[in-house]
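K.L.:
I am attaching a structure below and will ask some questions about it afterwards.
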């Protein structure tokens, strides 16, 4: 280690956290809490200082890809592999509304500094602008020829930046929607963008393993940083504008001097680093990785302070309302029922032919509902382990209510030239389809 100018730190201890890969993190403006989104289909809200879990937000049938917090700290916006955007009250955990409009999965979101405008980027190659308070769609920006992977808004709220799978970066006037310019220089998809606190520098990370620094006003390339040996998935800039952090497919986080481009530190993780964020006081770096962990680093001494990590190969968990049992499902196609206090395995439920992605327990603790990746729902007697019913939905299951024994599934298609959303409601007592509704998802642009 002595001959290595950039020390590599190892985790000192672990806490229970997500049960699958951590895809995204965001830090509250007051620096007291942070939010993480994961492949375990949940969002978790944490106390940044005590490391305690405050609450878990559920509502996704597939992984959460991006989270963003409004400047007043009241609102959380999240997106997943689904085509919707969810808006939450961050203080209570209440789901305020769900926004629909993109024709393919939503990849990224950002909130304007004044908290009025929500921006979303999608695999449908478009950017949509929304009124954050009313949920009304206001404008669609078209120009990219591939997925919009990342968006960022300048501190003055005037400029929107988007990075795409078409290898380009586009600059837009946020208020008029006018395209201001296109920056080209990356040879592979642009994965991440960030803007310095003074609004002068744009930073982009790409699948070409490089980080590029641009003058946001002139569009000129200032510097290219090389050092990662894998895709650069996330970049973040410290509040003082001095330090740039980058997370990569090469399992490392690199810290750079933003002004000189000098590499100052390399921090090692056990898995691909999907996301990085820096606290408002500039003291803490938060990262999320493919090893299911959230890692907190002290940026002052560059030491690792805490790792929040869950078990591997588990895709979903649920706890009974009396707090006695925990149920887990995973890639081994089984459901395991555990005694929460003794940690003993009570029973293993077998019957799914594919990985189990969702489990839910009724409030009376008698019924368990599970769903696998092929959207086949199974209803179980939790006390005996008996399989009561099998319901093959074969569409994306978006909601399961184990108390009413109902489920909802969604699929998208085309009817008479219009994009449509078809929602089906299922009775899990009988296994029958009870209701079907169809709405158009088309917007005039």
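The values are calculated or read from the model by the stated rules, or taken from the named source; none is laboratory data. On a predicted model such as this, the values are computed, not experimentally measured, just so you know. Don't worry about glycine lacking a Cβ; one is built from the backbone with ideal geometry, like all the others, and counts go over all protein chains shown.
K.L.:
So in the stretch 268-279, with the set limited to residues that are closer than 21 Å to residue 240 by Cα and in a strand (DSSP E or B), which one is farthest from the chain's Cα centre (by Cα)?
P.N.:
Of the stretch 268-279, the ones closer than 21 Å to residue 240 by Cα are 275-279.
Now drop any that are not in a strand (DSSP E or B), which leaves 275-278.
Details: 275: 9, 276: 12, 277: 13, 278: 17 Å.
That would be 278.
K.L.:
On the basis of being assigned to a loop (DSSP other than H, G, I, E, B), under 22 Å from residue 21 (Cβ atoms), in contact (Cβ under 8 Å) with a residue 12 or more places away in the chain and within 14 Å of the chain's Cα centre (by Cα), does residue 104 make the cut?
P.N.:
no
K.L.:
Which numbered condition trips up residue 90, out of (1) out of contact with any strand residue (DSSP E or B) (no Cβ under 9 Å at 6 or more places or on another chain); (2) under 26 Å from residue 44 (Cα atoms)?
P.N.:
Of everything listed in (1) out of contact with any strand residue (DSSP E or B) (no Cβ under 9 Å at 6 or more places or on another chain); (2) under 26 Å from residue 44 (Cα atoms), residue 90 misses just condition (1).
K.L.:
Do you know which of the residues in the stretch 16-30 that are part of a loop (DSSP other than H, G, I, E, B) and modelled with pLDDT of 90 or more is surrounded by the most Cβ atoms within 10 Å (Cβ to Cβ)?
P.N.:
First, the residues of the stretch 16-30 that are part of a loop (DSSP other than H, G, I, E, B): 16-21, 28-30.
With the extra rule that they be modelled with pLDDT of 90 or more, the set shrinks to 28-30.
Numbers: 28: 19, 29: 15, 30: 12.
Once the filter is applied, the top-ranked residue is 28.
K.L.:
Go through (1) part of a loop (DSSP other than H, G, I, E, B); (2) buried (at least 21 other Cβ atoms within 10 Å of the Cβ) one by one and return the number of the condition residue 91 breaks.
P.N.:
(2)
K.L.:
May I ask you to say which residue of 143, 181, 163 is under 21 Å from residue 238 (Cβ atoms) and modelled with pLDDT of 95 or more?
P.N.:
On the way: 143 fails: under 21 Å from residue 238 (Cβ atoms); 181 fails: under 21 Å from residue 238 (Cβ atoms).
After applying the criteria, what remains is 163.
K.L.:
Please specify each residue of the stretch 94-103 satisfying the condition of being within 19 Å of residue 126 (Cα to Cα) and surrounded by 15 or more Cβ atoms within 10 Å (Cβ to Cβ).
P.N.:
Taking the stretch 94-103 as the starting set, the residues that turn out to be within 19 Å of residue 126 (Cα to Cα) are 98-103.
Within the stretch 94-103, 99, 100, 101, 102, 103 meet the criteria.
K.L.:
Go through the stretch 110-217 and tell me which strands (runs of 3 or more DSSP E), entirely inside it, have 3 or more residues that are surrounded by 16 or more Cβ atoms within 10 Å (Cβ to Cβ).
P.N.:
Working: elements: 117-122, 126-131, 137-142, 148-153, 159-164, 168-173, 179-184, 190-195, 201-206, 210-215.
Of the strands (runs of 3 or more DSSP E) lying wholly inside the stretch 110-217, those with at least 3 residues that are surrounded by 16 or more Cβ atoms within 10 Å (Cβ to Cβ) span 117-122, 126-131, 137-142, 148-153, 159-164, 168-173, 190-195, 201-206, 210-215.
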